[in-house]
Amino acid sequence: MDWIDFYDFKHSVIYVNARHRDVHYRTIAEDIRKLIPSPSAHVLDYGCGEATSADLVAAACAQLVLVEAAPNVRASLTMRYAGHPKIVVISAEQAAALPKASFDLIVMHSVAQYLGEAELDRLLAIFRTLLKPGGFFVLGDVVPPRFAAPAAALALLRFGAANGFFWAAASGLLRIFVSDYLRLRKTVGLSHYSEAAAIEKLKNAGFRPERAAHNIGHNRQRMTFVARAPDSGI
Ligand SMILES: C[S@@+](CC[C@H](N)C(=O)[O-])C[C@H]1O[C@@H](n2cnc3c(N)ncnc32)[C@H](O)[C@@H]1O
């Protein structure tokens with residue numbers, strides 16, 4: 001089992017109930033909307049998960065491409081957005097084969113922790129080619145090296161308290177504790193980056209990165225970076 005299999009569950013244990021899942025995706029969609037540079041923008045969300053509020057993002061841009069590697073999650077996204085005039089759902093392989101300079105904004109939120117360093121570098125190089133000159137890559141929910149697990153637990157409890165699912169969040173944490181999450185964390189591992197390490201990685205990939213004032217989503221300890229592609233393209 002790897003992280004893609006873990007997220008391919010019909011009902012991932014990461015979301016403590018349907019309300020948590022929907023508030024989570026609505027919060028992310030509202031944050032992503034704010035980063036869309038213009039209503040004519042073409043946007044790609046890489047590793048979008050269940051993306052139950054993607055229509056909010058699509059309403060603020062010309063086209064939204066949702067990329068999801070987990071096949072069952074992708075199938076359910078395809079059904080959810082079938083016939084949506086602006087949303088397209090594709091696999092990771094299809095994303096890598098898209099024409100160069102197709103997008104004004106590429107977002108990858110809460111995925112980098114599941115990628116090894118080489119895999120992240122490979123994806124950054126793909127994103128560079130997919131972005132238009134001067135386009136933006138947003139790397140969200142980067143997990144810092146210290147106190148990540150207690151900070152994530154506390155952030156979930158606070159998010160639950162603010163949105164009417166505190167007790168579900170508390171019991172959900174226990175379920176995560178006995179799920180495959182901890183086993184995978186030991187066997188496959190999670191990647192952590194300090195602010196300086198993330199900035200350096202993005203610079204090495206040819207971007208001009210800055211840390212955003214706030215992370216996308218509910219976890220304030222994690223970091224979001226907005227990285228601009230060069231104006232002249234590659
Ligand atoms: C925590 S979910 C994030 C979903 C959504 N972006 C969000 O912020 O809620 C992690 C996502 O990473 C994807 N993922 C994990 N490992 C991956 C890999 N090696 N390549 C591509 N996607 C991967 C999973 O399929 C899942 O959709």
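Give a quick list of trypsin sites (Lys or Arg not before Pro) in segment 84-128 that DSSP marks as loop, anything other than H, G, I, E or B, with at most 15 other Cβ atoms within 10 Å. Passing both the DSSP loop test and the Cβ count: Lys100. Extension gain for Arg26 to Asn72 (0.36 nm times residue separation, less C-alpha to C-alpha distance): 14.5 nm. The amide H of Leu44, built 1.01 Å from its N in the peptide plane, has Val65, Leu105, Ile106, Val107 as neighbours under 5 Å, considering only residues 5 or more places off or on other chains. Between Val13 and Leu98, the modelled labels are 3.3 nm apart [label points 7 Å from Cα along Cα→Cβ].
Mean residue ellipticity at 222 nm, helices only, the chain: -13000 deg cm²/dmol; runs of at least 4 DSSP H residues each add -39,500 (n - 2.57), and the sum is divided by the number of residues.
Of the accessible area of segment 64-184, with the probe set at 1.4 angstrom, what percent is carbon plus sulfur? That share works out to 64 percent. Dipole orientation for the chain: of the candidates Leu115, Leu139, Ala92, Leu139 has the Cα lying most toward the positive pole (charges on Cβ; Lys, Arg +1; Asp, Glu -1). Multiplying the residue separation of Asn204 and Ser232 by 0.36 nm and subtracting their alpha-carbon distance yields 8.4 nm. Mean sequence separation of contacting Cα pairs (under 8 Å, at least six apart), scaled by the length of segment 77-234, corresponds to a relative contact order of 31 percent.
Using 1/(1 + (r/R0)^6) with R0 = 41 angstrom and r between the beta carbons of Arg183 and Ala59, what's the FRET efficiency to the nearest 0.05? Rounded to the nearest 0.05, the efficiency is 0.55.
Applying Stokes-Einstein at 25 °C and 0.890 mPa s to the Kirkwood radius of segment 100-234, computed over alpha-carbon pairs, gives a translational diffusion coefficient of 153 µm² s⁻¹. Remark: segment 132-139, residue by residue, has Karplus-estimated 3J(HN,Hα) of 5, x, x, x, 10, 10, 10, 9 Hz, where x stands for each Gly or Pro and the curve is 6.51 cos²θ - 1.76 cosθ + 1.60 at θ = phi - 60°.
Binning the alpha carbon pair distances of segment 164-234 at 10 angstrom intervals from zero yields the distribution 16, 29, 30, 19, 6, 0, expressed in whole percent.
Three principal axis extents of segment 46-95 based on alpha-carbon atoms, in descending order, are 26, 18, 16 Å.
Pairs with C-alpha atoms separated by more than 25 Å, drawn from the list Lys132/Lys203; Lys34/Lys132; Lys34/Lys186, are Lys34/Lys186. The residues of segment 19-146 expose, per residue, 41 Å² of accessible area to a 1.4 Å probe. Looking at segment 1-141, the pairs of alpha carbons with a distance over 17 Å make up 58% of the total.
Each part gets one Cα centre, and for segment 72-143 versus segment 179-234 those centres are 14 Å apart. For segment 1-50, trypsin sites (Lys or Arg not before Pro) meeting the loop criterion (DSSP other than H, G, I, E, B) and having at most 16 other Cβ atoms within 10 Å: Lys10.
The values are calculated or read from the model by the stated rules, or taken from the named source; none is laboratory data. Every value quoted in this text rests on a predicted model; they were computed, and no experiment measured them. All Cβ positions, even for glycine, are placed from backbone atoms using ideal geometry, and neighbour counts span all protein chains on display. Protein only, heavy atoms only, side chains kept; ligands, DNA and RNA dropped before computing areas. Shrake-Rupley method; radii C 1.70, N 1.55, O 1.52, S 1.80 Å.
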